[in-house]
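These notes concern the structure reproduced below.
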Amino acid sequence: MKPIKTAKQLTFTYFSIVAFAIIAFHFSMFTSMIENIEMIYAENRMLKDRNTAVSLLNGTEQTHVSVPPFSEVYVGKENLPAWVVLNPSMTNDKPYELDEGSDTTLEIFSMRSQVAINGELKDIYVIHYDEIYEISEEQMFETQSTQLMLSLLLLVVSLWVVMRISDRLTQPLAQLSKSLGEKTPANLSAIELPEGAATREIRHLVDRLNSYQDQIKDLIERERAFNRYASHELRTPLMVMKGATTLLGKSDSKVFLERQRVRMVQACQEMEDYITTLLSLTRDEDLDAVASRVVQSTEFEGIRQMHLGYLADKLVTVDIIETGQVVTKLPIPTLHILVGNLLKNAMACTEEGHVNILVADNEIAIVDTGCGLSGKPGGESYGLGLMIVRDICAKYHCSFSLTDNVGAAGCTAKVVFPVSL
């Protein structure tokens, strides 16, 4: 597997590539500039010397003249020195370096021109060598080499600065990577912001990671709650069904059989409501897409009738007092579990007196005359029932409160539903 480079290594690699590319471009541009200057100088000098030579050759039969200080001019190719080998692709009035086959180590230029000498059109060849320019060119290269060394030194300093900046910028990311690598899968604690120059991107990344961890924790907690609630809340209707099934074989009375059938139907309905509610608490829903509904009076009456059996022989009355209506997004099974759990808790806390279901606009309150919050009702369902109520209210954005009654016995459990638009 190909090793993955760190951010610091990538920074060093990319900067080095760019730096050497800049140096190479700078050096090639300087070399090209020197050559172009040399060619332009040679062309202008040779054109001037050619005109001088034409004036010297007119009126004479000479085939060679010197044009001090740097040029020699020859009439006709046959009069060129033997060591001169011309560039085969040369054109008129353009300077060319001599061919590599020439017997010289100097950088000599040649130019061919057609001119009129003594009334005849002839080819003349200008051979040019400027020793002073060659010396100047070497001096320019020496100067450029010094500048090149200074540029390299500047690049080294710049690279050091970039590496320091890169190290400072990547250190928080490296610390974050190390911190995540050391965390175990079971550790869902909040990720701390790394020390150092944490950028906006690092902060955003840490916030998003913590947000994902919170979602995972919520999901795990919902699964645990489902197992905890299901193991307890489904046990009661199952025991009712089991008991009713056992009693069915002990009597042939139609009234007795009908009573057991009703108990089994209620137990099945309660199990179905619990399963539907608990499953809804474990999954995410888009509540904006859920339509609101008006809770009917028959629903409250059905909840009351279903839970009257929890009173046993207690001298407690259960009444429904409606002064308004509730508009909510809670499904019917979920609302039944919500109100039913509050009603069961009120019944468990009340030995005598009354338990009233008060229905106002977008508000339900269960008021009892029991032992109050300081009392100790029997049974585990008291705590678990309130936990389910709180989970339902949290999911559907309802407000839940449980307070002692002022100036009277008992307490009041109140659920306020959000206004649906």
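The values are calculated or read from the model by the stated rules, or taken from the named source; none is laboratory data. Note that the structure is a prediction, hence the values are computed from the model and not measured. Ideal geometry is used to build each Cβ from the backbone, glycine not excepted, and the neighbour counts take in all protein chains shown. Heads up: the accessible areas ignore ligands, DNA and RNA and are worked out on the full protein's heavy atoms, side chains in. Shrake-Rupley method; radii C 1.70, N 1.55, O 1.52, S 1.80 Å.
Per-residue answers, yes or no, for (1) farther than 23 Å from residue 417 by Cβ; (2) of a type in the set (Val, Ile, Thr); (3) in contact (Cβ under 8 Å) with a residue 60 or more places away in the chain:
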| residue | (1), (2), (3) |
| --- | --- |
| 258 | yes, no, no |
| 266 | yes, no, no |
| 273 | no, no, yes |
| 279 | no, no, no |
| 284 | no, no, no |
| 289 | no, no, no |
| 293 | no, no, no |
| 296 | no, no, no |
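On the stretch given as region 328-364, residues that are over 12 Å from residue 415 (Cα atoms), outside any helix (DSSP H, G or I), open to solvent by 10 Å² or more (accessible area, probe 1.4 Å) and without any contact (Cβ under 8 Å) to a residue 40 or more places away in the chain total 4. Output yes when any residue across region 57-79 is surrounded by 13 or more Cβ atoms within 10 Å (Cβ to Cβ), in contact with a Pro (Cβ under 8 Å, 6 or more places away or on another chain) and part of a loop (DSSP other than H, G, I, E, B), and no when none is. For region 57-79, residues surrounded by 13 or more Cβ atoms within 10 Å (Cβ to Cβ), in contact with a Pro (Cβ under 8 Å, 6 or more places away or on another chain) and part of a loop (DSSP other than H, G, I, E, B): absent. When region 310-327 is filtered for residues that are free of Cβ contacts under 8 Å to residues at least 40 places away in the same chain and not in a strand (DSSP E or B), the ones remaining, listed by number, are 310, 311, 312, 313, 314, 323, 324, 325.
Residue by residue, here is whether (1) within 52 Å of the chain's Cα centre (by Cα); (2) of a type outside the set (Lys, Arg); (3) modelled with pLDDT under 90 holds:
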{"position": "325", "(1), (2), (3)": "yes, yes, no"}
{"position": "339", "(1), (2), (3)": "yes, yes, no"}
{"position": "357", "(1), (2), (3)": "yes, yes, no"}
{"position": "368", "(1), (2), (3)": "no, yes, no"}
{"position": "372", "(1), (2), (3)": "yes, yes, yes"}
{"position": "380", "(1), (2), (3)": "yes, yes, yes"}
{"position": "416", "(1), (2), (3)": "yes, yes, no"}
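Can you confirm whether region 384-393 contains a residue that is open to solvent by 10 Å² or more (accessible area, probe 1.4 Å) and either modelled with pLDDT of 90 or more or hydroxyl-bearing (Ser, Thr, Tyr) (or both)? No, because not a single residue in region 384-393 is open to solvent by 10 Å² or more (accessible area, probe 1.4 Å) and either modelled with pLDDT of 90 or more or hydroxyl-bearing (Ser, Thr, Tyr) (or both).
Scanning region 277-296 for residues that are assigned to a helix (DSSP H, G or I) and open to solvent by less than 60 Å² (accessible area, probe 1.4 Å) turns up 277, 278, 280, 281, 287.
A quick yes/no check of all residues on (1) without any contact (Cβ under 8 Å) to a residue 24 or more places away in the chain; (2) open to solvent by 80 Å² or more (accessible area, probe 1.4 Å); (3) not acidic (Asp, Glu):
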residue: 17; (1), (2), (3): yes, yes, yes
residue: 21; (1), (2), (3): yes, no, yes
residue: 25; (1), (2), (3): yes, yes, yes
residue: 30; (1), (2), (3): no, no, yes
residue: 35; (1), (2), (3): yes, yes, no
residue: 40; (1), (2), (3): yes, yes, yes
residue: 48; (1), (2), (3): yes, yes, yes
residue: 51; (1), (2), (3): yes, yes, yes
residue: 54; (1), (2), (3): no, no, yes
